[in-house]
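Here's the structure, in structure tokens; my notes come after.
All of the numbers you see were taken from the coordinates with simple rules; none came from a lab. Since the structure is predicted, the reported quantities are computational estimates derived from the model, not experimental observations. As a convention, Cβ positions derive from the backbone with ideal geometry for all residues, glycine included, and neighbour counts pool all protein chains shown.
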There are 2 protein chains.
Amino acid sequence: MSTFELSKEYLEHVNALIAAEDSDALRSEMGELFPADISLVLDELETPSARYLLNLLDTPSGAEILAGIDRSERNEFLKHFTSEEIARYVNLFDSDDAVDLLNDQPIRVREEVIALLEDREQARFILDLLHYDENVAGGLMQKELVKANINWTVNQCIEEIRKQAENVQKVYAVYVVDDQNILLGRISLKKIVLAHKNTRVESLYDQDMIYVETYRPAEEVAELMQRYDLEAIPVVNVQGRLLGKITIDDVVDVIKELASSDTMAMAGITGDVEEDDTVWKQTRARLPWLLVGMMGGMLAAKFIGLFEKDLALVPAMAAFIPIIGSMGGNVGIQTSSIILQSLADKSGLDESLGLRLMRMSMVALISSLIISSVVFGFNMLLGNGLHLAIVVSLALIAVIFLASFMGTVTPILLDKLGINPAVASGPFITTANDLIGYGVYFGIAHVLLGL
Amino acid sequence: MSTFELSKEYLEHVNALIAAEDSDALRSEMGELFPADISLVLDELETPSARYLLNLLDTPSGAEILAGIDRSERNEFLKHFTSEEIARYVNLFDSDDAVDLLNDQPIRVREEVIALLEDREQARFILDLLHYDENVAGGLMQKELVKANINWTVNQCIEEIRKQAENVQKVYAVYVVDDQNILLGRISLKKIVLAHKNTRVESLYDQDMIYVETYRPAEEVAELMQRYDLEAIPVVNVQGRLLGKITIDDVVDVIKELASSDTMAMAGITGDVEEDDTVWKQTRARLPWLLVGMMGGMLAAKFIGLFEKDLALVPAMAAFIPIIGSMGGNVGIQTSSIILQSLADKSGLDESLGLRLMRMSMVALISSLIISSVVFGFNMLLGNGLHLAIVVSLALIAVIFLASFMGTVTPILLDKLGINPAVASGPFITTANDLIGYGVYFGIAHVLLGL
């Protein structure tokens, strides 16, 4: 089967079939697709059409499709479902996906759905998982897994896999526990395939194994799974009891969300906004940061206003306000982005602040000397006067150094304080850097031009 | 085994043991660690120490450790190795990792290493894979996999797994092919565990399966593996013959690299620079973009210089240069970041440019009205004069609209032209937006203030 690409034509075709209520044709069209592809189709349909289409399909497929729809689209969509309908699908979800869906619902719906679940084990799984914050290992794990007692044989493992086959879609390994459910190790499925049926688990399992505790932050889980190339990692409580597992696909989502939230923070956008969100939602996410920029601009205006007399005497001074601002901004963002990247890499050893500042200073020194020399040359060529040329070039050197310093120290400081350091590349810090830059420029000008 | 965290103390301890050439103590210390952890240690050691440590360990562990070291560190490190030494390790690498390592070496070393490989199948694998660009499916795949003929039984599959057990570390599934090696489907390992030994492959395998062709871009492979939650994907040539497989850990690297290169492009940094790179490498990556910003600043200076007479008459005009620049910059970056995010999501349907511009205009309308009203209020309060207040607020509305328009159109255009659209949030476009902003401001001022 070749991979599916959603096209406008295909969507129109599906919409026409829905309008004609041609359920047979729709069922056979959807039969050609994987559930994940049907999720893409539903993402693009109007809610009533999507609901009509979903109801045509059998419940297991429906559950898989619903699990794959984009979360914000799905929340819109589920507003039109009764709790009974939601429960019918959630009954068949993996427990981690079920919790994600329920966490997005109002409390009343959440409790109704849990009460209505036919599979009482699923209800118990969900109640267990709802305790955990979304950003820790406990909030990422699913309860479905295959475990074997250390006293079992390979044959008993295989029977356990058979029993769990419906619940656990993908089995990578069997986790080995003792009578108290303390995690002891794992056996890969490959080993089980190759072992004799009467071999004892005890003589087969790997004790050297990576696991995480429920309270570990999601970033740490992501780092571990990448470092050790794991497709799944077991989760234990503080006593070492096996509670669940986290699979790599959930961690890929974490990695992507982290990267995207950093980019958004750098761009001055709050929260998880997408292009097709409403105008109002986008404005709310963007306006606060624009207002920060505006306040900075007004402060700059007030500050430059103090030098109005100087500007009346040397109006050419105004012309270099932009280059001061943009150099400070560019150097600050470059520096903080490099520091951010190195903070995000949790596996290596952190360097001392002194060493970091030293290297940043060297880069700043070379860059500022080159740039201020070029600018000086231009200013002399353009006949802007020796004094002004000196003032601008000196101010540029100072601004590049200050911006490098702020760009290094701010993200490290924010990180220490537990604030997302990506905001250090955002509008707030950029604005602060601009103000410092103008201060330096007008200060130097005031002294050197003897105004 | 608990997870390893590299500390300064531990590194000092290891360094002391290396200095004392205490090989027994080092071997027993390293025996406590996973190969991936030892890679982290080697990353931080000086090259001679790292080499000494690696030589103490057995070749299979050494190969795993070497495969896990950060690529730029490894290249430094391997400069001190003979081709014979490299070949001894590469002999035991997965073929995809072997190609990554060899691609980083000078041609002479590459050819010597391939000629010296003991495992001639590995040499053949590597020669096959060296053809492919790093950024397509062929460049990500490894040749190691377990395949079964459609006419086999489950028992024959198990024997094949046993035969390949050493070569293929992780087996998720057995790929099913016909006599011409055309990929027909797959059998999950779970199915093999649960099946009777005499069951025929033909009656067991899944035909519905996702695969990729060698020439598909890495981004597309990443998108497919995420959409369908795959831990591995088979790679075929244009005739449908099975050539290799791509595992999720390699794709996670692709996802992370893409995110990081976008952030770097936004920050105005060329290429793959890290904080601990040399001053010179960092300067080279950053200076070109700073020079772009500088040229923009000089152009702005030249442009503002044209209005020197106006500035001499109304020096207060200069005070609002920063707010015009920063508003244009902030709105432009916000807008293009949102568009970028939506361009990166290849699974959904692209919206029409008209719809996109419409929504952006609405957001710009609301934001610009709010911001210009607040700024107008401030200006009146601060006694900056009605005329100047009107000029500034009108200019802000125009600048916010223009920046929204540019922020929407530029990344879409760059994407169409096959250029990384992330540069649209970078210094080049930001500088262009600033210049447009100053033009609008001084234009409006010139007309309305009747200068």
At 1.306 mPa s and 10 °C, Stokes D of the range B:268-448 from Kirkwood alpha-carbon radius, µm² per second: 89
Amide hydrogen neighbours beyond the local backbone of A:V236, cut-off 5 Å, H modeled: A:V212, A:E213, A:T214, A:L243
Calculated from backbone phi, Karplus (6.51, -1.76, 1.60) coupling profile of the range A:83-88 in Hz, x at Gly/Pro: 4, 4, 4, 4, 4, 4
Residue range of chain B that is longest and free of trypsin sites (Lys or Arg not before Pro) which are both DSSP loop and sparsely packed (at most 16 other C-beta within 10 Å): B:198-345
The protein assembly as shown: radius of gyration and largest Cα-Cα distance (Dmax), Å: 30.7, 97
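Inside 10 Å of the C-beta atoms of B:285-295, what's the mean count of C-beta atoms belonging to other chains?
For this peptide, the per-residue mean of nearby foreign Cβ atoms is 6.
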Nearest-ten-degree value, helix B:107-116 long axis tilted from longest Cα axis of chain B: 20
Nearest 10 degrees, 0 to 90: helix A:218-227 Cα axis against chain A principal axis: 80
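Let me make sure I get this right: for the range B:183-287, a, b and c are the square roots of the gyration tensor eigenvalues over alpha carbons, sorted descending. Under 1.5 in a/c it's rounded, otherwise prolate if a/b > b/c, else oblate. Which is it?
Here the range B:183-287 falls in the prolate category.
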Whole-Hz couplings from phi, Karplus 6.51/-1.76/1.60, listed for the range A:265-276; x for Gly and Pro: 4, 5, 8, x, 10, 8, x, 9, 9, 10, 4, 8
At 7 Å out from Cα toward Cβ: B:D58 inter-copy label distances (nm, ascending): 5.0
Label-zone membership for the range A:293-328, site A:L382, 7 angstrom Cα→C-beta point, backbone N under 12 Å: A:316-324
Chain B shape via C-alpha gyration tensor axes, a/c threshold 1.5: prolate
Chain A: angle of helix A:279-305 to the longest principal axis, Cα-based, in degrees nearest 10: 20
Proximal charge balance of B:V109 [Cβ under 12 Å; K/R count +1, D/E count -1]: -2
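Per 0.36 nm of contour for each residue apart, how much would the distance between B:E12 and B:N237 grow if the chain were fully extended, relative to their Cα-Cα spacing? Please report the intermediate quantities before stating the final value.
Numbers: separation 225, 0.36 × 225 = 81.00 nm, distance 5.04 nm.
Computed gain between B:E12 and B:N237 is 76.0 nm.
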log10 of Debye I(q)/I(0), alpha-carbon scatterers only, for the range A:106-237 at 0.12, 0.17, 0.21 Å⁻¹: -0.54, -1.00, -1.29
Proximal charge balance of A:Q156 [Cβ under 11 Å; K/R count +1, D/E count -1]: +2
Ascending list, in nanometres, of distances separating the B:S72 label from those of the other copies (7 Å, Cα toward Cβ): 3.4
Distant-in-sequence amide H partners of A:T153 (H built 1.01 Å from N, under 5 Å): A:V201
DSSP-defined beta bridges in the range B:120-221 - what % are antiparallel, rounded to 5: 75
Estimated vicinal HN-Hα couplings, Hz - the range B:363-378 in sequence order (Karplus 6.51, -1.76, 1.60; Gly, Pro = x): 4, 4, 4, 4, 4, 5, 5, 5, 5, 5, 5, 4, 4, 4, x, 4
Cβ-based net charge around A:F303, under 13 Å, with every Lys or Arg adding one and every Asp or Glu removing one: -2
Inter-copy separations for B:N198, label at 7 Å along Cα-Cβ, nm, ascending: 2.1
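Rounded to the nearest 0.05, what FRET efficiency do B:D128 and B:N198 have when you use their Cβ-Cβ distance and R0 = 60 Å?
0.95
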Computed over the range B:8-135, Kirkwood Rh from alpha-carbon pairs, angstrom: 15.1
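Per DSSP H run of n ≥ 4, the term is -39500 (n - 2.57); total these for chain A, divide by its residue number, and report the mean residue ellipticity at 222 nm rounded to 500 deg cm²/dmol.
-20500 deg cm²/dmol
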Interchain or long-range residues, amide H under 5 Å from A:D345's placed H: none
Distribution of pairwise C-alpha distances over the range B:247-326, 10 Å bins, in %: 15, 28, 22, 19, 11, 4, 1
